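Read-outs: derived from the displayed coordinates by stated rules, not from any lab. Just so we're clear, the structure is a prediction, and the values are computed from it rather than from any experiment. So basically every Cβ, Gly included, is an ideal-geometry build from the backbone, and we count neighbours across all protein chains shown.
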Amino acid sequence: MNQSETIEVLNGLIETCKDGEYGFNTCADQADSVKLQSMFRQRALECSTAAQELQTEVVRAGGEADTSGTVVGALHRGWVSVRGALPGKDDVAMLEEAERGEDRALARYRKALEAALPPELRNLVQRQLIGAQRNHDQIRQLRDQYRAAA
């Protein structure tokens with residue numbers, strides 16, 4: 001894999017991380033539960049940190065690092081905001097939307113690992129994938145708990 005392909009893969013993951021950061025903050029803004037607001041804000045911070053790690057690697061590889069998310073991510077955040085403004089907004093809905101976002105993140109990380117990344121970058125991407133999987137699993141568990149309590 002050449003440098004430009006590596007930079008392209010990393011920039012795609014930066015967009016994914018930025019989508020996660022913005023998406024989790026949007027969910028926090030719409031959630032009723034203080035516990036969920038705090039969890040969503042923590043996940044947003046983790047996504048921001050992951051993006052910064054990837055941005056550092058893009059610059060190290062001689063590229064220009066992306067700083068924003070994707071159009072799909074922006075549309076998803078818009079949907080979360082609209083859904084949160086509708087009557088009957090609830091924390092389960094925010095958890096469902098967060099899970100959908102994490103489904104997309106997991107798919108993008110798995111696709112990135114199909115690329116022939118240098119070993120140190122493969123390790124970074126694998127570590128971040130594990131974090132995204134942890135987020136997904138926690139959100140799914142919370143969603144199930146909140147559904148059962150409703």
(message) Suppose each label sits 7 Å from its Cα in the direction of the beta carbon; what would the LYS35-LEU106 distance come out to in nanometres?
(response) 2.2
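Sort 15-25, 117-127, 39-49 by packing, meaning the average of other beta carbons within 10 Å per residue, with the highest value first.
Packing order, densest peptide first, comes out as 15-25, 39-49, 117-127.
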(request) Assuming 1.002 mPa s and 20 °C, estimate D for the chain with Stokes-Einstein, Rh taken as the Kirkwood radius over Cα pairs, in µm²/s. (result) 137
